[in-house]
Amino acid sequence: MSDVLAVTEHRRGELRDVSLEMVSAGRDLADEMGGDLHLAVISGDVDAYADQVNREGVDAIHTVEYGEEFNHDVYAQAVEQLADDLDAEYVLMPNSVNGLDYAPAVAEGLSLPLVTDVVDFSADGELEVTREQYGGKVETTIEVSEDRAAITTRPAEWPQAEGQGDAEVSAFDADIDESQIQSTVTGFEEVAGGDVDISEAEFLVSIGRGIEEEENLPLIEALVEATDATLSSSRPIVDNGWLPANRQVGQSGKVVTPDVYIAIGISGAVQHVAGMKGADTIVAINTDPNAPIYDLADYGIEDDLFDVVPALIEEFGGEVPDV
């Protein structure tokens, strides 16, 4: 029996969606290995977070009260001690900015192999993990021959866990060595253009090369306003300086999981798809019937965006600008 410890994540007082994805990923891994799923909730309002992640499939939740926000040294110490206390065979962490910050330290501290950016698990005796390479063009399967391992999972590859669970919640008394805490969070400062976090948006209107030039942005912005959506883009738009980097969706941008994703003039390169394939409903607008985005879209409009977008603006009661 191989137990799994999955670490949840929060930021600025809110549980992150990836935490509920970790529940699903952790349950999958525990099922593959025939073990139990334990969750770690560290720092902040641990009781509230524990209640939010107490979903079906969770066997136990362990809270560590220490500070309010993520801290590398606190997480590394707490996860390492908890994994040892539980004798967990696999430590599962999100492949996020925070997760990739402390995961190597946990692996080093526990003398575990580290496998990052995993998108699937399987087991036929030994654990096998799947990773994507070359911008998602190639999948590779890696055998984890060790009895224990540290693993990070890619956000949006697993659904958010549902159903209220009845796992026991217990406080874990981590022995945090304060002399080893080398940094402290004193506040947050948004970078330029950081007024919006597209990873939290429920409705995204995203644009690509098909809008042709920056002067056509007001047309898209009118649609965004009419639909009460959030504007995002593929990489070329950011590379051209038409939108700030925090609006970029994709492998080198942000992973998004909105309820609705409208892709306007986006071909659907694998690098972009990696960042938005977790959307519930995908609508594609593209003149090319062979555009890869149509392989993923739930609805497709094979037409000129400069005809379609004005019609949508009017349908939603907006005003079409002159461009």
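Of note:
- The set of residues from segment 1-35 being over 17 Å from the mean Cα position of the chain (by Cα) and of a type in the set (A, V, I, L, M) comprises MET1, VAL4, LEU5, LEU29, ALA30, MET33.
- Candidates VAL169, VAL224, filtered to the one that is modelled with pLDDT of 95 or more, assigned to a strand (DSSP E or B) and in contact with a strand residue (DSSP E or B) (Cβ under 8 Å, 6 or more places away or on another chain): VAL169
- If you go through segment 3-35 and pick out every residue that is part of a helix (DSSP H, G or I) and not acidic (Asp, Glu), you end up with 12.
- Restricting attention to segment 36-80 and to residues that are surrounded by fewer than 18 Cβ atoms within 10 Å (Cβ to Cβ) and assigned to a helix (DSSP H, G or I), the residue that is nearest to the chain's Cα centre (by Cα) turns out to be GLN52.
- So ALA25, is it crowded, with 24+ Cβ neighbours inside 10 Å, touching a His at 6+ places or on another chain (Cβ under 9 Å) and closer than 26 Å to THR130 by Cβ: no
- Criterion: under 20 Å from the mean Cα position of the chain (by Cα) and under 18 Å from ALA6 (Cβ atoms) - qualifying residue of ALA161, ALA149: ALA161
The values are calculated or read from the model by the stated rules, or taken from the named source; none is laboratory data. Small disclaimer: the values here were computed from a predicted structure and weren't measured. Cβ coordinates were reconstructed from backbone atoms using ideal geometry, including for glycine residues, and neighbour counts include every protein chain displayed.
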